[in-house]
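The structure appears right after this line, and notes come after that.
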Amino acid sequence: MSYRVLSREVTIPLTTSFVMLAVWEILVHTGMLRAAFFPAPTNIAHTLFSLALSGELWLHIATTLGRLIASFLMAVIPGTALGLSMGWWLGWRMAADPLVRLLFPIPSIAFFPVVIFYLGLSEWGLLLTAAITPFLLIAVQAAAAVEAIERTLLEAGRNYGASGRRLFTRVILPAALPYLFIGYRLALGVGFIVTVAVEMIAAKHGLGGFLWHSWQILRIEEMYVGLVLIGLLGIVVTYGLEALADRLMPWQVDLLRSKGQR
Amino acid sequence: MAALTKIEIRDVEHVYQSDFATVAALASVSLTVGDGEFVALLGPSGCGKSSLLRIVAELLRPTAGSVQIFPSSSLGQPGNGRPKTALVFQEYALFPWRTVLDNVAFPLEMRGMPRHEGLTRAGTVLERVGLQPFARAYPHQLSGGMRQRVGIARALAAEPEVLLMDEPFGALDAQTRTVLQEELLRVWESERKTVLYVTHSIDEAVYLADRIVLLSARPGRIKAEYLVDLPRPRHMEMRGWNSYTKLSLDIWNALRDEVETAMVSEKP
């Protein structure tokens, strides 16, 4: 990739962001947007910095990030195991399919009342709610990943001496990995949405809780700060997963990034 | 020609269940391949030649009959872990997550060779087929012809008793195919490994093989055998020889009926 293309990749998004913020700022200052509803970006930034300096914000960010990672792990490990089993053994697939099909279309947040009925309004209840749909999503994707493995790759693995566990670790798993990661990315997105939603309903800490609280006491600038931070955190975790994918799959660089160059 | 028997295929039948019907792919095939012999399996599409190869590779279990491969006494001591077969695929079937070197080292790794020794040996094989500069590349960075070179290198590194090739150059353009045929001839003529080679190209079969086994349309059975008495080493000019042309025509005349039959028979 040339230096020119790289620099364009940076300059175009920077320019559009700056222009949008500038227009917003001007509209507020000329009175065309009411500051009570749409505080100026500079005001939001100011609030953001003072809250960051007071230290309060970091607790919310760390709480949400921690919940996101914990619920994601709760989804990834069993989801991958179940999905790979479903993809490899027809029996597993037939056994698990009805349950997965039934639960999959239910929005994750709808499980919340049921979960807290059993677990109480606890941290575990929050995490479990945020993990259910990502778990199902990962399982479905992992099953599809195994089914998508080219038959000849398995034949090559067998013919060249891999069987049993080594066939799994040396052929099936690496062959499925790119598709698994596509599922992980989707699951991370869903998990993030549900985590924030559950925080709005039921948590004092975390960015969702912060956002909800700001609205209730009508601190509009803080509400926007919450939105901005949720957006930024989303970008950061997505980027983290992409970086992990690049690291684990050097033969598949940019798997999760679409470039729109054709 | 060859005195020792390397592969013995006895009364092999293969019947499988497709979504719609029971398909008889192979009907009682018996074939003996001598040590160091290059045998081409030729037949219309769907005649079961690939199935036969996979049965020899122990990737498919025959419905009836048996395949035996006799280990050589000269090349290695028993129990040294040399595999019976190594298969070269039409679609290359390289592991995309492994570099060229790691792909070639895969069979050595699987038989428990220490990693360092495996990589050294794989490197030697790469050098022999001129792939050393691409050792660190990934398969997707290579052209089809280069990928199949890697596929062949992987099979050679495995040091199998028998080399199995399933239309290895079928997916390549004509020029690349010719170049790789030449290369395969050079390697084979220096090693004289036993080869079972599936193809649907008469020209390729005549050019490469010692003996050509013609299979009938499904269910495949051996219809005819031809000895290719062109001298070794083979070279391009032989394609213009009268005996080359005559043999190719003979085979085509025998094959044509089978191709017609295969075309009108139902798809499984």
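Quick check on segment B:76-89: of everything there that is more than 8 Å from chain A (Cβ to nearest Cβ) and in contact with an Asp or Glu (Cβ under 8 Å, 6 or more places away or on another chain), which residue is modelled with the highest pLDDT?
Going residue by residue through segment B:76-89, those that are more than 8 Å from chain A (Cβ to nearest Cβ) are B:76-82, B:84, B:88.
Add one more test, that the residue is in contact with an Asp or Glu (Cβ under 8 Å, 6 or more places away or on another chain), and what stays is B:76, B:82, B:84, B:88.
On the way: B:Gly76: 51, B:Arg82: 87, B:Lys84: 94, B:Val88: 98.
Going through the qualifying residues, I end up with B:Val88.
Just to be sure, is B:Gly123 more than 10 Å from every other protein chain (Cβ to nearest Cβ), surrounded by fewer than 19 Cβ atoms within 10 Å (Cβ to Cβ) and within 19 Å of the chain's Cα centre (by Cα)?
On the way: more than 10 Å from every other protein chain (Cβ to nearest Cβ): yes; surrounded by fewer than 19 Cβ atoms within 10 Å (Cβ to Cβ): yes; within 19 Å of the chain's Cα centre (by Cα): no.
Considered against the rule, which asks whether it is more than 10 Å from every other protein chain (Cβ to nearest Cβ), surrounded by fewer than 19 Cβ atoms within 10 Å (Cβ to Cβ) and within 19 Å of the chain's Cα centre (by Cα), B:Gly123 comes out as no.
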**Asked** Given (1) assigned by TED's automatic domain parsing to the domain that holds B:Val67; (2) modelled with pLDDT of 95 or more; (3) farther than 14 Å from B:Leu42 by Cβ, where does B:Pro219 come up short, assuming only one miss?
**Response** (2)
**Asked** Just a yes or no: is a residue in segment B:179-187 among the polar types (S, T, N, Q), surrounded by 17 or more Cβ atoms within 10 Å (Cβ to Cβ) and over 20 Å from B:Ser248 (Cα atoms)?
**Response** no
**Asked** Restricting attention to segment A:137-192, and to residues there that are touching a residue at least 12 places away in the same chain (Cβ under 8 Å) and of a type in the set (D, E, K, R), which single residue is farthest from B:Leu94 (Cα to Cα)?
**Response** A:Arg185
**Request:** Collect the residues in segment A:147-177 that are more than 9 Å from every other protein chain (Cβ to nearest Cβ), within 23 Å of the chain's Cα centre (by Cα) and either surrounded by fewer than 23 Cβ atoms within 10 Å (Cβ to Cβ) or outside any helix (DSSP H, G or I) (or both), keeping them in residue-number order.
**Result:** A:Leu173
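Pick from segment B:21-74 the residues that are among the basic types (Lys, Arg) and within 14 Å of another protein chain (Cβ to nearest Cβ): which of them is nearest to B:Leu164 (Cα to Cα)? First the steps, then the outcome.
Going residue by residue through segment B:21-74, those that are among the basic types (Lys, Arg) are B:49, B:54, B:61.
Among the residues that remain, those that are also within 14 Å of another protein chain (Cβ to nearest Cβ) are: B:54, B:61.
Values: B:Arg54: 9, B:Arg61: 16 Å.
By that ranking, first place goes to B:Arg54.
Can you tell me which of A:Ala40, A:Ala52, A:Ala35 is of a type outside the set (Phe, Trp, Tyr) and in contact with a His (Cβ under 8 Å, 6 or more places away or on another chain)?
Values: A:Ala52 fails: in contact with a His (Cβ under 8 Å, 6 or more places away or on another chain); A:Ala35 fails: in contact with a His (Cβ under 8 Å, 6 or more places away or on another chain).
A:Ala40 is the lone residue from the list that is of a type outside the set (Phe, Trp, Tyr) and in contact with a His (Cβ under 8 Å, 6 or more places away or on another chain).
For segment B:99-117, name all the residues that are among the basic types (Lys, Arg) and facing another protein chain (nearest Cβ under 8 Å).
Restricting attention to segment B:99-117, the residues satisfying the condition of being among the basic types (Lys, Arg) are B:111, B:115.
Within segment B:99-117, just B:Arg111 meets the criteria.
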**Asked** Taking segment B:229-261 as the search range and keeping residues that are outside any helix (DSSP H, G or I) and in contact with a Ser or Thr (Cβ under 9 Å, 6 or more places away or on another chain), which one is surrounded by the most Cβ atoms within 10 Å (Cβ to Cβ)?
**Response** B:Leu230
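Consider A:Thr195 carefully, then state whether it is in a helix (DSSP H, G or I), touching a helix residue (DSSP H, G or I) at 6+ places or on another chain (Cβ under 9 Å) and not aliphatic (A, V, I, L, M).
Numbers: in a helix (DSSP H, G or I): yes; touching a helix residue (DSSP H, G or I) at 6+ places or on another chain (Cβ under 9 Å): yes; not aliphatic (A, V, I, L, M): yes.
Answer is yes for this residue.
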**Prompt:** So which of A:Ala96, A:Ala70, A:Ala62 is touching a residue at least 24 places away in the same chain (Cβ under 8 Å), part of a helix (DSSP H, G or I), under 29 Å from A:Trp212 (Cα atoms) and not β-branched (Val, Ile, Thr)?
**Reply:** A:Ala70
**Item:** Tally, over segment B:126-178, of residues that are aromatic (Phe, Trp, Tyr) and surrounded by fewer than 22 Cβ atoms within 10 Å (Cβ to Cβ)
**Value:** 2
**Asked** Among B:Gln175, B:Gln181, which is without any contact (Cβ under 8 Å) to a residue 12 or more places away in the chain, of a type outside the set (A, V, I, L, M, F, W, C), outside any loop (DSSP other than H, G, I, E, B) and not assigned by TED's automatic domain parsing to the domain that holds B:Leu4?
**Response** B:Gln175
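The values are calculated or read from the model by the stated rules, or taken from the named source; none is laboratory data. Every value quoted in this text rests on a predicted model; they were computed, and no experiment measured them. So basically every Cβ, Gly included, is an ideal-geometry build from the backbone, and we count neighbours across all protein chains shown.
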